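Everything on this sheet refers to the single structure shown next.
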Amino acid sequence: MVNDRVLLQMSNISKMFPGVKALSNVDFDLRAGEIHALMGENGAGKSTLIKVITGVDKPELGEITLEGNIIHPASPRDAQKLGISTVFQEVNLCPNLSVAENISIGHETIRYGFINSSDAKAKAKQLLKQLDVDIDVTRTLADYSVSIQQMVAIARALNIDKTKVLILDEPTSSLDAYEVRKLFDVMLKLKKNGIGIIFITHFIDQVYEVADRITVLRQGKLIGTYETNTLPRLKLVYSMIGKELENLDSLSKMKGELTKRTEVEPFMQVKALGSKGSIQPFDLEINKGEVLGFGGLLGSGRSEAAHLIFGVDIPDSGTLTVNKKEYRHLSPLKSILNGIGLCPEDRKTEGIISDLTVRENIVIALQVGQGWFQYIPMKKQYEIADKFIQSLNINTPSPDQLIKNLSGGNQQKVILARWLATHVKFLILDEPTRGIDIGTKAEIQKMVISLAEEGKAIVFISSELDEVVRCSNRMMIMRDHQKVAELEGDKVNLEEVMQIIAGRSELEKA
Amino acid sequence: MKKLNSIIQKLGSNRLAWSMFALAAILLFNLIVYPEFFKITILDGHLYGSLVDIFRNGAPLMVLAIGMTLVVATGGVDLSVGPVIAVTGAVATSLIGLEYGSTNTPLFLAVALALGVAALCGFWNGILVSRIGIQPIVATLILYVAGRGVAQMITNGKIMRIFYEPYFVFGSGYFLSLPVSLYIVLLVYIVAWLFTRRTSFGLYVESIGINSEASRFTGINEKNVKLLAYTLCGLCAGIAGIIISSNVKSADGNNAGLWYELDAILSVALGGTSLSGGRFSFAGSIIGALIIQSLTTTIYSTGVPPQVIMLVKALVVFLVSLLQSENFRKMIGSLLNSRKGAIQ
């Protein structure tokens with residue numbers, strides 16, 4: 001299946017950014033008809049390497065050859081012409097164009113000098129069908145969920161006939177298990193056709209499922225390239241982070257102690273909160289010192305529930321009681337004043353304010369809570385920023401660095417710091433570990449539990465069920481936009497949760 | 001070569017530096033072809049000269065640019081400032097009346113009411129943009145069209161002359177040998193700076209301009225921030241309107257503030273504030289306004305034929321924009337690099 005013909009060869013690649021050596025003397029090769037996983041923590045240099053291949057960044061040193069010829073891609077479009085097409089980590093599509101237009105843009109079929117739109121539609125439909133996605137391609141992209149958008153991005157990359165190298169940067173991070181399966185089928189098919197695939201992911205299971213070889217980077221350096229079947233998982237993890245993972249063990253111990261506590265003090269009571277077309281009315285109690293997990297498949301209504309509670313979306317039924325006051329609905333500002341915070345799911349569009357500095361991103365929610373005229377003095381702002389940079393271990397050269405220059409995991413920590421700075425009593429974390437390396441992931445999970453230990457109420461939402469189960473004392477399970485069960489104590493285990501999600505509701509059992 | 005390149009790169013990161021460089025270049029050009037340009041004479045205890053003229057004639061534009069900066073930073077634009085200038089002048093003039101040496105309304109009240117009307121114009125724009133959700137260009141285009149009509153209704157379609165001397169102080173008065181309008185600019189700048197940088201307003205404006213969705217999640221009230229930005233922009237246009245009508249001693253519904261909206265937007269852009277919103281700099285916009293004004297003065301004083309004035313102005317603006325463009329600097333940078341390679 002895998003032949004040894006080298007398709008893409010990168011040798012001795014070095015890339016400097018101001019103050020950081022993002023890549024130093026990295027070698028990498030991709031064979032025709034192989035799936036080659038590129039692994040490493042955030043900031044290891046994976047994305048930079050991809051940017052070098054696709055012509056976004058120019059390396060200071062080194063050489064790239066494609067089928068034996070030296071290439072100098074100057075832009076992603078240039079790379080595409082050479083046969084290298086890429087699905088970037090963040091969905092890079094035009095939300096206000098139709099699905100078909102998004103897929104065909106740049107490779108339109110022209111007939112009589114006009115774009116042949118019926119052809120584009122048919123083509124888009126057929127490409128999506130390969131991925132088992134059956135949607136109306138004439139509707140605008142923004143009408144669809146993030147996961148569908150991701151599939152569209154992949155379909156777009158496949159729309160290039162002469163693709164030799166396909167790069168998938170975290171393609172699965174917003175897909176559910178079934179969609180991942182579909183994607184893998186397509187990858188295997190492409191592989192058979194002799195296309196070389198570079199696959200970047202944080203999911204170790206997925207790597208072992210599809211990858212032929214694995215290349216590990218750490219801090220911009222090549223650690224090694226291995227045949228997948230000769231590399232034990234533990235060794236892979238070890239080589240990625242360079243240290244043992246003792247974090248995860250202590251995590252379950254910590255949670256154990258948290259669960260032992262008997263007295264619970266309610267922070268918020270949610271009654272029949274709902275919104276037509278988005279989520280069925282649900283009741284919920286949120287307690288201090290407790291991690292409450294929201295479980296369910298992607299699109300089951302987890303984030304929508306969080307948005308209704310925090311008040312970014314306005315519910316049309318029900319009430320919320322917090323600090324002895326009953327509200328028909330909250331708003332972000334009212335939430336802040338009541339000590340509630342939300343780390344949103346979509347970090348790029350709902351979380352970070354890219355052109356503001358780390359300091360400004362940290363203090364902004366605190367400032368909003370204090371009002372327009374109680375401006376936090378500069379000195380105090382730096383104190384707050386420095387405190388959280390240190391305590392959350394945020395990797396940034398200075399508090400004045402623009403947040404867009406930080407890696408995903410560090411951006412997430414800044415958002416976390418933003419809410420901790422407001423002295424939240426209740427923090428909702430929506431996918432706080434998405435697209436983040438294992439080291440930081442464990443750090444964040446640990447932080448979640450220690451926040452609960454301090455007496456804060458936490459809602460924890462994640463697509464990775466074992467992560468929710470590991471961290472939560474109690475869980476609300478959602479399916480098809482409604483709450484189907486609430487689990488407590490020993491019942492919070494993977495098997496139970498999976499069964500409920502798969503269709504056995506508490507009601508049916510009774 | 002490498003040094004030059006790195007200097008270009010370093011300078012490039014600071015857009016303010018480029019606008020100052022452009023301003024200095026224009027002034028230097030004047031110094032060479034027209035040495036008299038920098039001559040400042042004292043007449044009756046007032047300073048006179050081309051430099052003083054630039055500041056004095058540029059005052060309305062500088063005030064306007066400060067207001068426009070706020071709106072642009074939220075990711076919007078205000079096309080109606082020119083007509084608002086005309087409306088303000090008309091309101092002030094009609095309140096003062098046409099009698100020689102006297103006024104129908106106390107001067108303070110007349111100016112305050114005129115500024116109030118200007119702020120109301122801005123408030124109206126703000127309501128359309130923030131509450132009704134009309135796109136800024138379209139929303140302010142409504143007042144752009146309506147504004148001149150309103151101004152002409154107030155002035156009955158004629159140019160109204162003012163004969164009340166105390167009113168002339170804003171546009172043509174002097175205080176401690178310097179034009180009063182300069183002090184107005186300074187005051188507006190200081191107040192605007194304090195109001196944006198010593199309250200959280202400036203941070204909110206930038207935050208919304210960069211990412212309004214994420215700003216909503218942090219609890220920022222986008223609607224009120226935008227409403228305030230447009231209102232303040234209207235107020236600034238009003239101040240500019242008072243200076244202009246005071247300077248020409250009349251109100252002209254048709255021509256007062258004509259094309260000023262474009263110069264104001266250009267000043268903001270030249271000053272390094274991105275028209276897509278976000279980070280802003282009042283100082284940059286003021287320098288931008290000075291570039292435009294000194295260009296106009298230069299063109300007049302060097303005797304460029306009037307029919308090519310617009311072209312010369314466009315050319316200089318084009319050059320400044322090139323200097324500020326990151327892509328252009330990269331092009332130059334790689335050009336220098338490849339030449340270096342050839343030498344080796």
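The values are calculated or read from the model by the stated rules, or taken from the named source; none is laboratory data. Worth saying up front: this structure is predicted, and the values here are computed from it rather than measured. As a convention, Cβ positions derive from the backbone with ideal geometry for all residues, glycine included, and neighbour counts pool all protein chains shown. In case anyone asks, the SASA skips ligands and DNA or RNA and just uses the protein heavy atoms, side chains included. Shrake-Rupley method; radii C 1.70, N 1.55, O 1.52, S 1.80 Å.
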Problem set entry | Filter result for residue B:291 (open to solvent by less than 10 Å² (accessible area, probe 1.4 Å) and either acidic (Asp, Glu) or in contact with a helix residue (DSSP H, G or I) (Cβ under 7 Å, 6 or more places away or on another chain) (or both)) | yes
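To keep it simple, each residue is scored yes or no on (1) out of contact with any helix residue (DSSP H, G or I) (no Cβ under 9 Å at 6 or more places or on another chain); (2) within 14 Å of chain A (Cβ to nearest Cβ); (3) of a type in the set (Val, Ile, Thr); (4) crowded, with 23+ Cβ neighbours inside 10 Å.
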{"position": "B:250", "(1), (2), (3), (4)": "no, no, no, no"}
{"position": "B:254", "(1), (2), (3), (4)": "no, no, no, no"}
{"position": "B:261", "(1), (2), (3), (4)": "no, no, no, yes"}
{"position": "B:267", "(1), (2), (3), (4)": "no, no, no, yes"}
{"position": "B:273", "(1), (2), (3), (4)": "no, yes, yes, yes"}
{"position": "B:285", "(1), (2), (3), (4)": "no, no, no, yes"}
Problem set entry | Failed condition for residue B:208, given (1) open to solvent by less than 10 Å² (accessible area, probe 1.4 Å); (2) more than 14 Å from chain A (Cβ to nearest Cβ); (3) in contact with a Lys or Arg (Cβ under 8 Å, 6 or more places away or on another chain) | (2)
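Yes/no matrix, rows are residues, columns are (1) closer than 23 Å to residue A:47 by Cα; (2) modelled with pLDDT of 80 or more:
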{"residue": "A:123", "(1), (2)": "no, yes"}
{"residue": "A:129", "(1), (2)": "no, yes"}
{"residue": "A:134", "(1), (2)": "no, yes"}
{"residue": "A:141", "(1), (2)": "no, yes"}
{"residue": "A:169", "(1), (2)": "yes, yes"}
{"residue": "A:178", "(1), (2)": "no, no"}
For this session: Please tell me if residue A:501 is in contact with a strand residue (DSSP E or B) (Cβ under 8 Å, 6 or more places away or on another chain), surrounded by 23 or more Cβ atoms within 10 Å (Cβ to Cβ) and either part of a loop (DSSP other than H, G, I, E, B) or among the aliphatic types (A, V, I, L, M) (or both).
Result: no
For this session: Pick out the one residue from A:358, A:414, A:363 that is of a type in the set (A, V, I, L, M, F, W, C), surrounded by 22 or more Cβ atoms within 10 Å (Cβ to Cβ) and away from chain B (no Cβ under 13 Å).
Result: A:358
Exercise. Based on what the data block shows, is residue B:197 facing chain A (nearest Cβ under 9 Å), surrounded by fewer than 16 Cβ atoms within 10 Å (Cβ to Cβ) and charged (D, E, K, R)?
Worked result: yes
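Please count how many residues of region A:24-44 are part of a loop (DSSP other than H, G, I, E, B) and open to solvent by less than 10 Å² (accessible area, probe 1.4 Å).
Of the residues in region A:24-44, 5 are part of a loop (DSSP other than H, G, I, E, B) and open to solvent by less than 10 Å² (accessible area, probe 1.4 Å).
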Problem set entry | Sole exception among (1) within 30 Å of residue B:91 (Cβ to Cβ); (2) modelled with pLDDT under 95; (3) of a type in the set (Ser, Thr, Tyr) for residue B:276, by number | (1)
Exercise. Do we have residue A:199 as modelled with pLDDT of 90 or more and not assigned by TED's automatic domain parsing to the domain that holds residue A:296 here?
Worked result: yes
Problem set entry | Any chance residue B:168 is modelled with pLDDT under 95, open to solvent by 60 Å² or more (accessible area, probe 1.4 Å), more than 18 Å from residue B:277 (Cβ to Cβ) and away from chain A (no Cβ under 13 Å) | no
Exercise. When residue B:78 is evaluated against the numbered criteria (1) more than 12 Å from the chain's Cα centre (by Cα); (2) not in a helix (DSSP H, G or I), which criterion, by number, is the only one it fails?
Worked result: (1)
Seminar exercise, completed: Going through region A:321-332 in order, the residues found to be surrounded by fewer than 18 Cβ atoms within 10 Å (Cβ to Cβ) and within 9 Å of chain B (Cβ to nearest Cβ) are A:331
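Residue-by-condition table, conditions (1) outside the structural domain of residue A:218 (by TED's automatic domain parsing); (2) modelled with pLDDT of 65 or more; (3) of a type in the set (A, V, I, L, M); (4) crowded, with 17+ Cβ neighbours inside 10 Å:
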site	(1), (2), (3), (4)
A:249	yes, no, no, no
A:257	yes, no, no, no
A:264	yes, yes, yes, no
A:268	yes, yes, yes, yes
A:271	yes, yes, no, no
A:275	yes, yes, no, yes
A:279	yes, yes, yes, yes
A:284	yes, yes, yes, yes
A:291	yes, yes, yes, yes
Exercise. Within region A:427-443, can you find the residues that are open to solvent by 20 Å² or more (accessible area, probe 1.4 Å) and outside any helix (DSSP H, G or I)?
Worked result: A:434
Exercise. Quick one: which of A:398, A:407 is free of Cβ contacts under 8 Å to residues at least 60 places away in the same chain and of a type in the set (Ser, Thr, Tyr)?
Worked result: A:398
Exercise. Residues that are within 11 Å of the chain's Cα centre (by Cα): which helices (runs of 4 or more DSSP H) entirely in region B:202-305 hold 3 or more of them?
Worked result: B:222-248, B:260-270, B:282-301
For this session: Inspect all residues belonging to region A:444-455 and state whether any of them is outside any helix (DSSP H, G or I), among the aliphatic types (A, V, I, L, M) and open to solvent by less than 50 Å² (accessible area, probe 1.4 Å).
Result: no
Seminar exercise, completed: For residue B:216, the lone unmet condition from (1) surrounded by fewer than 24 Cβ atoms within 10 Å (Cβ to Cβ); (2) more than 14 Å from every other protein chain (Cβ to nearest Cβ); (3) in contact with a helix residue (DSSP H, G or I) (Cβ under 9 Å, 6 or more places away or on another chain) is (2)
Exercise. Which one of B:190, B:242 is under 22 Å from residue B:289 (Cα atoms) and either open to solvent by 50 Å² or more (accessible area, probe 1.4 Å) or within 14 Å of chain A (Cβ to nearest Cβ) (or both)?
Worked result: B:190
For this session: Starting from residues that are more than 7 Å from chain B (Cβ to nearest Cβ) and under 25 Å from the mean Cα position of the chain (by Cα), keep the ones in region A:336-350 and report whichever is most open to solvent (accessible area, probe 1.4 Å).
Result: A:348
Problem set entry | Top-ranked residue of region A:366-381 - restricted to ones that are more than 9 Å from chain B (Cβ to nearest Cβ) and of a type in the set (A, V, I, L, M), ranked as nearest to residue A:462 (Cα to Cα) | A:366
Exercise. For region B:219-234, what are the residues that are out of contact with any Cys (no Cβ under 8 Å at 6 or more places or on another chain) and more than 7 Å from chain A (Cβ to nearest Cβ)?
Worked result: B:222, B:223, B:224, B:225, B:226, B:227, B:228, B:229, B:230, B:231, B:232, B:233
Problem set entry | Residue list for region A:417-426, restricted to those being within 14 Å of chain B (Cβ to nearest Cβ) and either hydrophobic (A, V, I, L, M, F, W, C) or in a helix (DSSP H, G or I) (or both) | A:417, A:418, A:419, A:420, A:421, A:424
For this session: For region A:152-229, please list each of the strands (runs of 3 or more DSSP E) lying entirely inside it that holds at least 2 residues being more than 28 Å from residue A:78 (Cβ to Cβ).
Result: A:213-218, A:221-227
Exercise. Which members of region B:101-122 meet the condition of being more than 12 Å from residue B:236 (Cα to Cα) and surrounded by 18 or more Cβ atoms within 10 Å (Cβ to Cβ)?
Worked result: B:103, B:110, B:111
